[in-house]
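The values are calculated or read from the model by the stated rules, or taken from the named source; none is laboratory data. Being a predicted model, the structure only gives us computed values, none of them experimental. No Cβ is skipped: glycine too gets one built from the backbone with ideal geometry, and neighbour counts run over all protein chains shown. Surface areas here come from the heavy atoms of the whole protein model, side chains and all, with no ligands, DNA or RNA. Shrake-Rupley method; radii C 1.70, N 1.55, O 1.52, S 1.80 Å.
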Amino acid sequence: MNRIAAGEVIERPASVVKELVENAIDAGASQIDVAFRGGGKSLIRVSDDGMGMGPEDLALAVERHATSKLADDDLIDIRFALPSIGAVSRLAISSKPRSGGDAHVITVEGGHLTPPRPAALNRGTEIHVKDLFFATPARLKFLKADRTETVEAAEVVRRMALAHPDIGFAFVTEERRLVDVPKEEGEEARIRRILGAEFMENAVLFELEREAVRVRGYAALPTWSRNNSAQQYMFVNGRSVRDKLISGAIRGAYADVLPSGRFPALVLFLDCPPERVDVNVHPAKAEVRFRDGGLVRGLIVTGA
């Protein structure tokens, strides 16, 4: 059985939010709530109503190289970031297994683990990340202003919400609720809620499939372009990516209808067999590598 090293770098608070929310999604959550304080340095709390963990799994979750095995024998390490988060923060994980049993909590402070002990939690998992980078203070100076870090983390949740319209998401700061979307929402309704009604009124639905690679989504008309690429949302097999090949294909699709310095707004979903895409070329899985990049580019240029 292959082991996946837990050597990824927790670069900023948004990285923590991404990993913890992905964990909650993989745990079958239908509601995920994120609380964010002090630009993520003071507190990041992620609560979900997923399958939860017992005390043995809690201890395993913060061990390096821990893996989870899916029914199809593909190995996906749904908790491999937790040891790295625990090494640079004061981490507490409370969880109650859906299958039955009591809730327990485990803590990690600067990499030092305490054994599981009883906790008060009704369901799912709640993770507290406090004093991020207290154990590596030199990294704090590389963080941006609290507002900037908050905006980046909220954007991570928005991208997750677009990829999973069946799940409810909330993102709350000291001042206000930046994301609040209900669960069991249709894809079009979720896109409208995240990007706004004006986007949907100026967007065209597209869908194209070739050789088991499917590209679909909503692309804004050239008359509704932006001055940056902030409203370009790209997903590969349900995971948000910022991929150079896909971005280049989008530019190619609009090359003849948009002037330099203008960017199209769109939501693009690309689905293909897992063996045709490598998601491990980037530590945070933000970039991917396709077996047939030319096919992917051609589909996007034609479809969008």
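Numbers at a glance
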read-out: Long-range HN-HN contacts of Ile32 with modeled amide H, under 5 Å; value: Gly168, Phe169, Ala170
read-out: Built amide H within the under 5 Å cut-off of Val236, gap 5+; value: Val241, Leu270
read-out: Highest average packing first - 82-93, 146-157, 226-237, Cβ atoms within 10 Å; value: 82-93, 146-157, 226-237
read-out: Estimated distance in nm for a label pair at Arg276 and Leu221, the labels positioned 7 Å out from Cα along Cα-to-Cβ; value: 3.3 nm
read-out: Percentage, to the nearest whole number, of Cα pairs in the stretch 10-66 over 14 Å apart; value: 61 percent
read-out: In sequence order, calculated HN-Hα J values of the stretch 169-184 (Karplus, 6.51, -1.76, 1.60; Hz; x Gly/Pro); value: 10, 9, 9, 10, 10, 4, 9, 7, 8, 8, 9, 7, 10, x, 7, 6
read-out: Volume per residue of the C-alpha convex hull in the chain, rounded to whole Å³; value: 139 Å³
read-out: Heavy-atom accessible surface of the stretch 196-286: percent carbon and sulfur, 1.4 Å; value: 50 percent
read-out: For a label point 7 Å along the Cα-to-beta-carbon line of Asp102, residues of the stretch 16-56 with backbone N under 19 Å; value: 52-56
read-out: Rounded FRET efficiency, nearest 0.05, which uses the C-beta distance separating Ala59 from Ala135 and R0 of 22 Å; value: 0.60
read-out: Accessible area per residue in Å² at 1.4 Å probe, computed on the stretch 210-258; value: 48 Å²
read-out: ³J(HN,Hα) computed for each position of the stretch 252-258 - Karplus, 6.51 cos²θ - 1.76 cosθ + 1.60, integer Hz, glycine/proline x; value: x, 5, 9, 4, 8, 10, 10
read-out: Cross-link pairs Lys41/Lys96; Lys41/Lys183; Lys144/Lys244; Lys141/Lys183 - those with Cα-Cα distance over 31 Å; value: Lys141/Lys183
read-out: Label-to-label distance, nm, for residues given as Leu113 and Glu11 (7 Å Cα→Cβ offset); value: 2.8 nm
